[in-house]
Amino acid sequence: MSKLFRPWRDHSFQLLALALAIAAFALSAVIFLRAELEHRFSVSTAEALGGDLVLASSRTPEPEQLAQLAELRVSQIIDFSTVLVHDDTLLLVSARAVDKNYPLYGKIQLADNRFADEYTQEHGPAPGELWVADQVIDRLKISVGTALTVGNKSLKISAIIRQLPDQNAGFYSMNPRIVLNSADLAATGVMGPGTRIRQQTVVAAEHSSIARISLELDLNLRPDQTLETVDDAALRSMGPLRQLSLWANLAVLLISLLCGAAIYLATSQRVRRRAKLAGLLRSFGASRYQVMTRLLGWEFLAVLPAVIVGGALGIGLISGAMGSGNSNAATTIIAATPFEWLTALLAPLLLWLAFALPRLSALVRVPAIEVLRQREQGSLLSTNIELLAALSAPVLLAGLLTDSLGELGKVLGLIAALGVLLPALLWPLIKGLDLASARLSLPARLAIRRLSRRPALTLPLLVSLTLAMTVLTLAGQTGSELLKDWRTRLPSQAPNHFVLNLFDRDMPVFEQWLKQHEALAQPLYPVVRGRLSTINGVPVREAVTKEKKSSQRHLNRDLILTEASTLPASNQINSGQWHGITTVNASPTKPTQHEVSVEQEIANRLGLKLGDKLEFVTSRGMLSTTITSLREVDWNSFEPNFYFIFASNELANEDITWITSFWLPDGDGARLAELLHELPHITLLDVKTLLDKAQDIIAQASQASALLGALLMFSALLVLAAGLLGGQQQRGRDNALLRALGGQQQLIKRILWIEFLCLSGSAALGATIISLLALYPLNERLFQQGLSLSPWQALPLVLALIVTFCGLLASRKALQQPALSLLRSHSS
Amino acid sequence: MPQQATPLLEVSNIAKQVQGPEGELTLLEGIDFTLSRGESLAITGPSGSGKTTLLGLLAGLDTPTKGEIRLNSSAFSALSEDQRASQRGATCAFVFQEFHLVADMNVLENVMLPLELAGREKPAAIAKDWIERVGLSHRIRHFPATLSGGEQQRVALARAFAVQPRLLFADEPTGSLDHANGKRIIDLLFELNEHSGAALVLVTHDPQLASLCQHHLELHEGKIINKTFADKNLQDKSVIEKHIQKSSNT
Ligand SMILES: Nc1ncnc2c1ncn2[C@@H]1O[C@H](COP(=O)(O)OP(=O)(O)O)[C@@H](O)[C@H]1O
Ligand SMILES: [Mg+2]
C-alpha cells in the first residue's frame, strides 16, 4: 500500500496528478454537461411537442395504427373550436379534450382564481370539470366554480389555466383556451361529422422504440396525417446548442492537451531523475521487466485516485449546477448512459497513456552504461512512439467527445489550425525580442535569452498561455456583450405583457390605465385577421404541394396581418425590396401595387416566392396583394412579429384591432383586473416567465464559457509550473552563477520579473491580437457592429500579471539558491 | 615578477560551524593566513577535509562563524550578501570543477557575462580577445552543450580572466577532466595567471598541482596541518622552521 503513496512524495508526480485531475474534471464535466443538456433538450422538446412522437390527424387514427402503439404510453388530444355562452355573451374558444394520460411530459400550470399564484398539476381536469384561461373569466365575467355549457354539457370551472406544457408560444390562435376531460366529449355533442378537429396521438417511449414506430407508421399514413418525432423537432431547434457544444468540446480538448503537456513535462522530469537508478538497476543485472515493475508498476495505480477525484468533482459540479435550478440533482446522473460514464473515466486515462507512458517507458530502455555517464541526458531522447502517441491522443479524445464525423473534423481542424497558427505567430515575436535585446539593459537581455534559447519549453508555454488568455477574453467579452445585448433588447423595463384585440375606441381608457400604473407602452401595431385563400389564383389547398402538407395548420387558422411603412428594427430583408422602395422609374414614395412582405420561413413552408400574388379572406371580403419582399424575423426580440406585413394603408378598409406590449412594474394583480374590467374584450398575455428563462440561458452559457476559460488558464499555469519544475535545477544554478560572478540579488529578481513579464506579455499580446481578429467577425455576426473595445480587452494584461506572479512564486526556490551550491552541485 | 607586499586577502583565525542533525558541527577551525597580490596558494587535503568550505568563505559565498576575512584591507566577511557580491564582481573570478557555463548562452555571451555584470566598456571586444587567447575563436557562437569538457573549461578560464581579477579562485579545475585535458587547462591557467598578475587560490588534491603554487595549505578535518608559505612571510613560524630546515639541508 505504501508503494501507492510513494510517488506522491515527488513534486513532479504531484504536478502530474494535478494535471490529470484537472483534465478528468474538465472532461467529465463536459461529457456530463452534454448528456444533461441533450437530455433536457429532448425533454423540453418533448414537452413542447407533447410527447416523443406525435401523430396528428383530422380524425381518429386507424385501429391498426393504434394497435402499433398498444404497448406504449399514449395520450389522445383533441383540439377544436367551440363557442361558450353565458348570460347572452358568446365567446369563441379553442377547446382541448384530454384523456387521463395527459400530459405525457411536463406539468400544467393552474391557478385557483383570476389573480392567484399558479401551482402545478400533473393531469388534466376530471370528468365534469372545466379548466379555462384567464380571458374566459374576464370576458364572460364569471369566476371559478361557475358552471358553463359546452355544447350540450354543463361543466363546472374548477381551475384557471395559466400554461399547458405543449402550448406553443406563438400568436396563431388568439381564442382563449379551455380544457375538458375527453370522457365528457361525447356528451357535449360538439363532435358532429362536419366539425373540424385536430387530433393528436402523442406517445412517450424510449428513443429506440420511437425510431422503430415512426418508421412503421410512416409507411401508411393517411393523407390527413402527419408524423413528428422529438428528434426531428430537436434537430430543428438545436442549432445553437450544437454550436455551443462544438466550442465546449474544443475548449475541453485544449484543456486536455495542455494538461497532457504538463503531464509530459512532469513525467520527463521524473524520468530524468530516475534514469540513473534505472541504469544502476540494469548494471546490477536487472532485466527490463524487473526495471519496468520496479519503476513503473505502481505509477499507474498511483494516478488513479487523481483521475477519480477529478472526475467526481466534474460530475459533482454539473449535477450541482444543474440540480440547483431543478431541485432534483439525481436526474443528471441518470441522464448519462454507461457509455458516458466509461468515457469520463477513460478519457483522462488516455491522456496518461499518451503523454506519460511513452516517456516512462524510456526508463526501461535505459542502458546500463547510463550509470557511468556524468550528465543526465543522452539516451533519453524523444522517440517516434512518443510523437505518435502525442499526435493520436487529440484524435482519440476528440473522437470520444464528438458524436459526428463532421464535428470531429471541425474540432480537429481547429486544433490543427491553432497548433500551426499560434507558434507561427508567437515564435517570430520571441525571436524578434532576442534580436532587439542587444540594445536592451543587461537584465532584459539575460531574461529574454532564457526564453528565446529554450524554444522547446517556451513555445508550448507561450501557446498555452495565449490560448487560455484568448478564450477567457473571448468568453468574457462575448458573454458580457451578449448579456448587454439582451439587456438592451430586454432592458429591465422590457415589455412583460402583450395586449391583443384593442379597438380604436379603447385607446383613451388604455392609455389612462397605463399612465395611472406607470406602465411603459410600446408602439401599437394594427392587426387584421385573415385566412390565406389563393396563391397566384390557385386555391391554397391545391397550390400547396403534398410535401408541404405539414404547413396546413397555418392555412386552417386565422393569420394575423399587419401593415407598416417602415421595416421593424428586428427584421431584415432577405430578398426583394421593402415597401415603397421600388426600381428607379417607379415613383419612389407611393407603392404602385398592393405590396406584402412575407416572413422567410413561412414563405419556404408554403412555397411562396417574390412576385407571387396572394389573396386573403377577411371579415370585410377579399384582400389581394403581391409579395415584394421576404423578411427574416428575430423571434427572440420579444416584440410582436408578423408573418405578413402589408404596405401602409393597405388595411385601411378592414376591421382593425391593435396589438401592443407594455412593461408593468411588479405589483398587485388587481391592476390587471381593473384593465380587464374596463376592457373585457382584450386579450392580455404575461410573458415575464418567458423573459426570465431566456436571460437565464444566456447567463448560464457565459458562466460555462468562463469556467472553461478558467480551467484553460489553470492548465496553462500547470504547464508553466511543470516547465519551471523541470528547469528548476538549471535556473538555480544560473542564478547562483550570477551571484558568484558578482550579480546582486536585485539583478536576479529583475531578470526573473522581466522573463515572466516577457513570456506572459507576449502571450497577452498574442491573445489580444487573436481576440480582436476573432471578435471582429463575431461582432459583425452577432451584434451587426464592427470592433467594439471593452474593458475585457485588458483581461490579457491582468492575466499576464497573474502569470508573472505565479512564475515568480514558483521560482522562489531557484531565486534563493545560494552561490555556494555551485561548489557543491556535483554532489547533489 | 616582483612580489607586492600589499596584503590582498587577510584571513584571521576563522572557523565555520553548522547545525547538523546531531548538534553543532565544526567544519573549519583556526584558519589563519595572508595572501598578497600576485601570489598563488594551493589548498590541499583529503576529500571532506573542508577545502571547498574554505574556498566558499574566502570568496564570500558564505560567511565564517568566527574570525574575519579582509579583502583589500576592508572587512569582507562583515559585509551584506549584496555588498560581498559586488566586491566579488569587482575583484574575484572563479573556475569551477563543473565549469558552470550558462547553457542558454553561447561562448561569447558566457565570457561577456561577468564583464556586463561589472558594467565594463566594450565587453564583446574584451571577451573575443580572451576567447582567442584560450584558442576557441572558431567556436564563438557555439553553445556549451556542443563543447567538450576541456573546451568548456577553457571558456570558463576566458570568462575568469576577462574581468582582469585580482583574485582567482579555482576549485579542482581539472576534477572533471581527463589527464591530458587537465594538464592543458593547468598550463593555460598558470600561463594566463602569470600575465594577469592575479592572486590565485587553487583547491586540489593533486600534490603535483599544488607544488606549482608558491604557498601551500594542507587541511585535515577542518584544521591546517601543514602550512608552507614562501620566505617573505616571516611571522609565520612553520614557514620559518621549514625554511631553516631547508637551508640547513643545503
Ligand atoms: N552545510 C553543511 N552541513 C553539514 N555538513 C557540511 C556542510 N557543508 C559541508 N559539510 C561537510 O563538511 C565537510 C567538508 O566539506 P568540503 O568542504 O566539501 O570538503 P572537500 O571540498 O575538502 O572535499 C564534509 O564532511 C561535508 O560533508
Ligand atoms: Mg570539494
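The values are calculated or read from the model by the stated rules, or taken from the named source; none is laboratory data. Because the structure is a prediction, the values reported are computed rather than measured. Every residue, glycine as well, gets a Cβ built from its backbone with ideal geometry; the counts of neighbours run over all protein chains shown.
Identify the single condition in (1) of a type in the set (S, T, N, Q); (2) assigned to a helix (DSSP H, G or I); (3) within 14 Å of ligand 2 (Cβ to nearest atom) that residue B:208 does not satisfy, given that it satisfies every other one.
So the condition that residue B:208 fails would be (3).
Yes or no: residue A:403 among the charged types (D, E, K, R) and under 29 Å from the mean Cα position of the chain (by Cα)? Step through it out loud before you land on a result.
Details: among the charged types (D, E, K, R): yes; under 29 Å from the mean Cα position of the chain (by Cα): yes.
The answer is yes for residue A:403.
Just to be sure I understand the filter: pairs with C-beta atoms under 6 Å, separated by 6 or more residues or on different chains, first member in the stretch B:15-28 and closer than 17 Å to residue B:58 by Cβ, second member among the β-branched types (Val, Ile, Thr) and within 16 Å of ligand 2 (Cβ to nearest atom). Which pairs pass?
B:16/B:53; B:27/B:53; B:28/B:53
Here is a list: A:682, A:659. Which entry is buried (at least 16 other Cβ atoms within 10 Å of the Cβ), under 30 Å from residue A:525 (Cβ atoms) and modelled with pLDDT of 80 or more? Lay out the reasoning, then the answer.
On the way: A:682 fails: modelled with pLDDT of 80 or more.
Selected residue: A:659, the only one of A:682, A:659 that is buried (at least 16 other Cβ atoms within 10 Å of the Cβ), under 30 Å from residue A:525 (Cβ atoms) and modelled with pLDDT of 80 or more.
Quick one: which of B:145, B:124, B:162 is at pLDDT below 95 and touching a strand residue (DSSP E or B) at 6+ places or on another chain (Cβ under 9 Å)? So that I can check it myself, show each step before the final result.
Numbers: B:145 fails: touching a strand residue (DSSP E or B) at 6+ places or on another chain (Cβ under 9 Å); B:124 fails: touching a strand residue (DSSP E or B) at 6+ places or on another chain (Cβ under 9 Å).
After ruling out the rest, the residue left standing is B:162.
On the given criteria, is residue A:702 farther than 30 Å from residue B:117 by Cα and modelled with pLDDT of 85 or more? Before the answer, list the steps.
Working: farther than 30 Å from residue B:117 by Cα: yes; modelled with pLDDT of 85 or more: no.
Judged against the criteria, residue A:702 is not a match.
Here's a check for you: in the stretch B:54-113, which residue that is outside any strand (DSSP E or B) and of a type in the set (Ser, Thr, Tyr) is modelled with the highest pLDDT?
Across the stretch B:54-113, the extreme among qualifying residues is B:65.
Output the residues belonging to the stretch B:137-183 that are in a helix (DSSP H, G or I) and surrounded by fewer than 16 Cβ atoms within 10 Å (Cβ to Cβ). Even if it seems obvious, please write down each step before you answer.
So the first thing to find is which residues in the stretch B:137-183 are in a helix (DSSP H, G or I), and the list is B:137-139, B:144-146, B:149-162, B:179-183.
Hits for the stretch B:137-183 are B:137, B:138, B:145, B:146, B:179, B:180, B:183.
Would you mind finding the one in B:177, B:234, B:167, B:188 that is under 29 Å from residue B:111 (Cα atoms), away from ligand 1 (no atom under 16 Å from the Cβ) and at pLDDT below 90? Spell out how you get there, then give the answer.
Numbers: B:234 fails: under 29 Å from residue B:111 (Cα atoms); B:167 fails: at pLDDT below 90; B:188 fails: at pLDDT below 90.
Step by step, each of B:177, B:234, B:167, B:188 is checked, and only B:177 is under 29 Å from residue B:111 (Cα atoms), away from ligand 1 (no atom under 16 Å from the Cβ) and at pLDDT below 90.
Search the stretch A:801-828 for residues that are within 14 Å of chain B (Cβ to nearest Cβ) and pair each with any residue that is within 16 Å of ligand 1 (Cβ to nearest atom) and at pLDDT below 80 when their beta-carbon atoms are under 8 Å apart and the residues are at least 6 apart or on different chains.
What qualifies is A:821/A:828.
List the number of the failed condition for residue A:398; all other conditions in (1) out of contact with any Asp or Glu (no Cβ under 9 Å at 6 or more places or on another chain); (2) in contact (Cβ under 8 Å) with a residue 12 or more places away in the chain hold.
Of everything listed in (1) out of contact with any Asp or Glu (no Cβ under 9 Å at 6 or more places or on another chain); (2) in contact (Cβ under 8 Å) with a residue 12 or more places away in the chain, residue A:398 misses just condition (1).
Can you go through B:116, B:81 and tell me which one is among the acidic types (Asp, Glu), farther than 21 Å from residue A:446 by Cα and more than 16 Å from the chain's Cα centre (by Cα)?
On the way: B:116 fails: farther than 21 Å from residue A:446 by Cα.
Result of the check over B:116, B:81: B:81.
Quick check: is even one residue across the stretch B:34-47 within 14 Å of chain A (Cβ to nearest Cβ), touching a Ser or Thr at 6+ places or on another chain (Cβ under 6 Å) and either at positive phi or buried (at least 18 other Cβ atoms within 10 Å of the Cβ) (or both)? Give the steps one after another, and end with the answer.
Initial filter on the stretch B:34-47 (within 14 Å of chain A (Cβ to nearest Cβ)): B:43, B:47.
Pick out the ones that are also touching a Ser or Thr at 6+ places or on another chain (Cβ under 6 Å) and you get none.
No: the stretch B:34-47 contains no residue that is within 14 Å of chain A (Cβ to nearest Cβ), touching a Ser or Thr at 6+ places or on another chain (Cβ under 6 Å) and either at positive phi or buried (at least 18 other Cβ atoms within 10 Å of the Cβ) (or both).
Identify all residues within the stretch B:77-123 that are within 26 Å of residue A:451 (Cα to Cα), in contact with an Asp or Glu (Cβ under 9 Å, 6 or more places away or on another chain) and more than 10 Å from every other protein chain (Cβ to nearest Cβ); write none if there are none.
B:107
When the stretch B:67-98 is examined, which residues are found to be farther than 25 Å from residue A:746 by Cβ and within 16 Å of ligand 1 (Cβ to nearest atom)?
Result: B:95, B:97, B:98.
Any residue that is within 14 Å of chain B (Cβ to nearest Cβ), of a type in the set (A, V, I, L, M) and buried (at least 19 other Cβ atoms within 10 Å of the Cβ) - is there at least one of those in the stretch A:722-735?
No, the stretch A:722-735 contains no residue that is within 14 Å of chain B (Cβ to nearest Cβ), of a type in the set (A, V, I, L, M) and buried (at least 19 other Cβ atoms within 10 Å of the Cβ).
Which of the strands (runs of 3 or more DSSP E) contained wholly in the stretch A:32-130 include at least 2 residues that are over 21 Å from residue A:176 (Cα atoms)?
Values: elements: A:53-57, A:73-86, A:89-98, A:108-111, A:118-121.
Qualifying strands (runs of 3 or more DSSP E): A:53-57, A:73-86.
List the pairs whose first member sits in the stretch B:159-171 and is at the interface with chain A (Cβ under 9 Å from one of its Cβ atoms) and among the aliphatic types (A, V, I, L, M), whose second member is away from ligand 1 (no atom under 16 Å from the Cβ) and assigned to a strand (DSSP E or B), and whose Cβ atoms are under 7 Å apart, counting only residues at least 6 apart or on separate chains?
Between residues of the stretch B:159-171 that are at the interface with chain A (Cβ under 9 Å from one of its Cβ atoms) and among the aliphatic types (A, V, I, L, M) and residues that are away from ligand 1 (no atom under 16 Å from the Cβ) and assigned to a strand (DSSP E or B), the close pairs are B:163/B:93.
With the requirement that a residue be in contact with a Pro (Cβ under 7 Å, 6 or more places away or on another chain) and either modelled with pLDDT under 90 or not charged (D, E, K, R) (or both), what does the stretch A:744-790 give you?
The first filter runs over the stretch A:744-790 and keeps only residues in contact with a Pro (Cβ under 7 Å, 6 or more places away or on another chain), leaving A:747, A:750-751, A:754, A:764, A:767-768.
Within the stretch A:744-790, A:747, A:751, A:754, A:764, A:767, A:768 qualify.
Kindly evaluate residue A:43 against the criterion of being in contact (Cβ under 8 Å) with a residue 40 or more places away in the chain and more than 23 Å from the chain's Cα centre (by Cα).
Here the answer is no, as residue A:43 does not meet what is asked.
Can you find even one residue in the stretch A:165-178 that is modelled with pLDDT of 90 or more and either crowded, with 16+ Cβ neighbours inside 10 Å or out of contact with any strand residue (DSSP E or B) (no Cβ under 8 Å at 6 or more places or on another chain) (or both)? Walk me through it before giving the result.
Within the stretch A:165-178, the first condition is being modelled with pLDDT of 90 or more, and the residues that meet it are A:178.
So of that shortlist, the ones also either crowded, with 16+ Cβ neighbours inside 10 Å or out of contact with any strand residue (DSSP E or B) (no Cβ under 8 Å at 6 or more places or on another chain) (or both) come out as A:178.
Yes, some residue in the stretch A:165-178 is modelled with pLDDT of 90 or more and either crowded, with 16+ Cβ neighbours inside 10 Å or out of contact with any strand residue (DSSP E or B) (no Cβ under 8 Å at 6 or more places or on another chain) (or both).
Could you identify the single residue in A:96, A:114 that is touching a helix residue (DSSP H, G or I) at 6+ places or on another chain (Cβ under 7 Å) and of a type outside the set (Phe, Trp, Tyr)?
Values: A:96 fails: touching a helix residue (DSSP H, G or I) at 6+ places or on another chain (Cβ under 7 Å).
That would be A:114, the only listed residue that is touching a helix residue (DSSP H, G or I) at 6+ places or on another chain (Cβ under 7 Å) and of a type outside the set (Phe, Trp, Tyr).
Which of the residues that make up the stretch B:177-204 are under 18 Å from residue B:58 (Cα atoms) and within 16 Å of ligand 2 (Cβ to nearest atom)?
Quick first cut of the stretch B:177-204, residues under 18 Å from residue B:58 (Cα atoms) only: B:198-204.
B:201, B:202, B:203, B:204 - these are the residues of the stretch B:177-204 that are under 18 Å from residue B:58 (Cα atoms) and within 16 Å of ligand 2 (Cβ to nearest atom).
Taking the residues in the stretch B:65-116 that are among the acidic types (Asp, Glu) and buried (at least 18 other Cβ atoms within 10 Å of the Cβ) as candidates, determine which candidate is farthest from residue B:188 (Cα to Cα). Explain how you work it out, then say what you get.
Initial filter on the stretch B:65-116 (among the acidic types (Asp, Glu)): B:68, B:81-82, B:98, B:104, B:109, B:116.
From the residues that got through so far, the ones that are buried (at least 18 other Cβ atoms within 10 Å of the Cβ) too are B:98, B:104, B:109, B:116.
Numbers: B:98: 17, B:104: 26, B:109: 21, B:116: 24 Å.
Looking at residues that are among the acidic types (Asp, Glu) and buried (at least 18 other Cβ atoms within 10 Å of the Cβ), I get B:104.
Can you pull out the residues in the stretch B:15-56 that are away from ligand 2 (no atom under 13 Å from the Cβ) and under 24 Å from residue B:173 (Cβ atoms)?
Initially, the stretch B:15-56 is screened for residues away from ligand 2 (no atom under 13 Å from the Cβ), giving B:15-26, B:29-42.
Those that are away from ligand 2 (no atom under 13 Å from the Cβ) and under 24 Å from residue B:173 (Cβ atoms): B:16, B:31, B:33, B:34, B:35, B:36, B:37, B:38, B:39, B:40, B:41, B:42.
For the stretch B:25-47, give me each residue that is within 16 Å of ligand 1 (Cβ to nearest atom) and not small (Gly, Ala, Ser). Reasoning before the result, please.
In the first step, residues of the stretch B:25-47 are kept if they are within 16 Å of ligand 1 (Cβ to nearest atom); the result is B:25-31, B:41-47.
Passing the criteria: B:25, B:26, B:27, B:28, B:29, B:31, B:41, B:43, B:44, B:46.
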